[in-house]
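To start, the structure under review is shown below, and the notes come after it.
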Amino acid sequence: MADFMKLEQQFAFEVYPKRELVLTRGEGAAVWDDRGNEYIDCTAGIGVASVGHANPAVAEAIEKQARVLVTCPGIFYNDVRAALMAKLAEITPPNLNRVFLCNSGTEATEAAIKFARWSTGRQKIVSLMRGFHGRTLGALSATFKYRDEFEPLIPGHGFVPLNDVEKLDQALDEDTACLILELVQGEGGVRPAQIEYVRRARELCTERGVLLVIDEIQTGFGRCGAMFACELYGVQPDMMTLAKALGGGVPIGAVMCSDTIRSAAGKHGSTFGGNPLACAAAIAAVRYIEEHDLAGSARENGAYFRELIERSQSSVIREVRQSGLMIGIELKQRVKPYLIELMAEGVLALPAGPTVIRLLPPLTIPRDRIECVAAALGRVLGER
Ligand code: PLP
């Protein structure tokens, strides 16, 4: 058998810190390596495979669409794209009626920044410390980490601390085009925003003509126990950015816009954005999430998962933070060795910063698999 690890090491332009694992197959919440070893996947492709790996409904939609029409640029109308847009308008907050389709989360952020500047005629963007919105230069300007080596980024950017209304009040001024925030910071350590903070942010934005952009790229499509986390906060953004789970594993991103966003005809675009293949996969994934009430599963199983983790009372755990099936276990120590030990136990998990283990399993994960992960965590983190 070819040594795929060696091949990637030889040919990949290095950007990722790698794990010693070659994944070749997935089904539901399980993935297998090239030697046939099985793992419970609490990474889900970093929050992508919410409907499970190799979901039959998504596979069938991809196969069917691949035989009909794969590419169709935005300059033409398309049946599948139209259907996806209507579906997204139906399931997102009622004020979000327009959709821009792209191919990833960072592209959704880029588009939202451009639409905000174009729509308001203002330059400044405000986002949150520990926030993550993507790695291309515009999105990186709104991202708190990974930026130093790439400055200067877009000028006039301000960061404010999460859940600090006073600092937000000071930062939003007449030059501010938009405020971008995650309702539960994912990469930043699974940190939920407080309801009062988000509601006040909405009021301040409205008062000052600042557009509120909510990044639901990680929190959306049932992950936090509602179709979108903003439902849990009772807040409607002016724009919502989407990606990850939207395509059931196929790359796709979207910006949902309210009628207050000025049309940007001829000012933005993407060759692949809204291609029928990704749209067909997304329709199948979204339907699956709805029909199987995966938001409800995330709500119930997330609470159960948390209870099991807390029951272990490990002395290295500082705090468990959880919103649906987005779970952060903050440790008193660095997480890297624990992630490696978990892998040896057959569990794949993510870091979120140096001291947080992040679990983002498929929303279809069965309870017995949750119990296996909790038991593995208990062994690795040491029960008291
Ligand atoms: N926004 C959030 C909240 C994310 O979690 C991510 C990716 O992790 C992004 C944006 C960027 O998405 P992508 O990696 O598809 O560019």
* Structure fact -> Which residues qualify? For Cys102, with a placed amide H closer than 5 Å and at least 5 residues away or on another chain, they are Gly253, Ala254, Val255, Gly274
* **Relative contact order [Cα under 8 Å, 6+ residues apart], region 48-158, whole percent** => 16
* Structure fact -> Of every hundred units of 1.4 Å-probe accessible area on the chain, the number belonging to carbon and sulfur atoms, as a percent, is 53
* **Sites matching GluC sites (Glu not before Pro) across region 138-196 that sit in DSSP coil, with at most 15 neighbouring C-beta atoms within 10 Å** => Glu174
* **Residue-level accessible surface for Lys332, protein heavy atoms, 1.4 Å, Å²** => 110
* To do: Find out how many positive minus negative residues lie around Ala226, taking Lys and Arg as positive, Asp and Glu as negative, among other residues whose Cβ is under 14 Å from that of Ala226.
  => -3
* Too-long pairs where the Cα-Cα distance tops 24 Å, listed order kept, from Lys64/Lys267; Lys18/Lys145; Lys145/Lys167 -> Lys64/Lys267
* Accessible area in square angstrom per residue, the chain, 1.4 angstrom probe -> 46
* So what is the relative contact order of the chain, in percent, for Cα pairs below 8 Å that sit 6 or more residues apart? -> 22
* Indicate, rounded to the nearest 5 percent, the antiparallel portion of the DSSP beta bridges found entirely in the chain. => 65
* Asked: Which percent of Cα-Cα pairs in region 252-371 sits in each 5 Å bin, short to long?
  -> 2, 9, 14, 16, 14, 11, 11, 10, 6, 4, 1, 0
* Asked: Around Gly253, with a cut-off of 12 angstrom between Cβ atoms, what is the net charge of the other residues, counting Lys and Arg +1 and Asp and Glu -1?
  -> -3
* Asked: Where Lys and Arg each count +1 and Asp and Glu each count -1, what net charge lies around Glu300 among other residues with Cβ under 12 Å from its Cβ?
  -> +1
* Asked: Can you give the helix-only mean residue ellipticity at 222 nm for the chain, where every DSSP H stretch with n ≥ 4 adds -39500 (n - 2.57) and the sum goes over all residues, rounded to the nearest 500 deg cm²/dmol?
  -> -11000 deg cm²/dmol
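The values are calculated or read from the model by the stated rules, or taken from the named source; none is laboratory data. Bear in mind the structure is a predicted one, so any value in this text is a computation, not a measurement. With ideal geometry, Cβ positions are generated from the backbone for all residues, glycine too; neighbour counts draw on all protein chains shown. To get the accessible areas, we keep the full protein, side chains included, count just its heavy atoms, and leave off ligands, DNA and RNA. Shrake-Rupley method; radii C 1.70, N 1.55, O 1.52, S 1.80 Å.
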